[in-house]
1. Here are several values of Rg and Dmax of the Cα atoms in Å: (i) 19.2, 63; (ii) 13.0, 42; (iii) 14.2, 42. Which one was derived from the coordinates shown?
2. Using the alpha-carbon atoms, what tilt in degrees (0 to 90, nearest 10) does helix 14-29 show relative to the longest principal axis of the chain?
3. Order by neighbour count: Y72, Y93, fewest other Cβ atoms within 10 Å first, most last.
4. Give me M1, M9 ranked fewest to most by other Cβ atoms within 10 Å of their Cβ, as a rough exposure proxy.
5. Got the relative contact order for the chain handy, in percent, Cα pairs under 8 Å and 6 or more residues apart?
6. For I98, which sequence-distant residues (separation of 5 or more, or a different chain) have an amide H within less than 5 Å of its own amide H, given hydrogens modelled in the peptide plane?
7. Enumerate the calculated ³J(HN,Hα) couplings along the range 49-62 in order (Karplus 6.51 cos²θ - 1.76 cosθ + 1.60, θ = phi - 60°), each rounded to whole Hz, writing x wherever the residue is Gly or Pro.
8. Hey, what do the phi angles of the range 84-89 turn into as Karplus ³J(HN,Hα) couplings, whole Hz, using 6.51/-1.76/1.60 and θ = phi - 60°, x for Gly and Pro?
Amino acid sequence: MRLFISQPMKGKTDDEILKTREKAIASAKKNFPDGEELEVIDSFFQNAPADANPLWFLAKSLELLSTADVAYFAKGWQEARGCRIENTCAVEYGISVIEDYTEG
């Protein structure tokens with residue numbers, strides 16, 4: 001099972017982003033039977049081009065989302081433009097969605 005994590009990143013430090021990802025992975029695992037292999041898709045672009053604009057990041061994220069079986073949307077996703085677009089794409093293209101309103 002391939003897991004894509006969508007989370008707000010604008011204005012957050014790498015540490016904050018990574019901590020949220022850890023919580024998201026732990027929370028997502030609760031939705032699957034013990035022993036089911038869960039492969040987390042790396043959608044945090046730490047080595048992105050310095051001049052990359054938000055649309056570049058979204059395009060890369062959608063490419064990764066297209067390979068996912070399930071998409072996990074971390075707390076605050078509703079307020080982040082890119083996360084909302086990823087959510088719409090996941091729903092419209094039949095990728096299972098987990099929306100987290102409590103973990104962050």
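Only the coordinates and a few stated rules stand behind these numbers; no lab work does. Predicted model, so just to flag it, every value in this text is computed and none were measured. Cβ: placed from backbone, ideal geometry, glycine included. Neighbour counts: every protein chain shown.
1. Looking at Rg and Dmax of the Cα atoms in Å for this model, the match is (ii).
2. 20
3. Neighbour counts put them in this order, fewest first: Y93, Y72.
4. With the fewest neighbours first, M1, M9 line up as M1, M9.
5. Over the chain, the number comes to 41 percent.
6. Result for I98 returns A71, Y72, F73.
7. Values, residue by residue: x, 4, 9, 5, 9, x, 5, 4, 4, 5, 4, 5, 5, 5 Hz.
8. 4, 5, 4, 4, 4, 4
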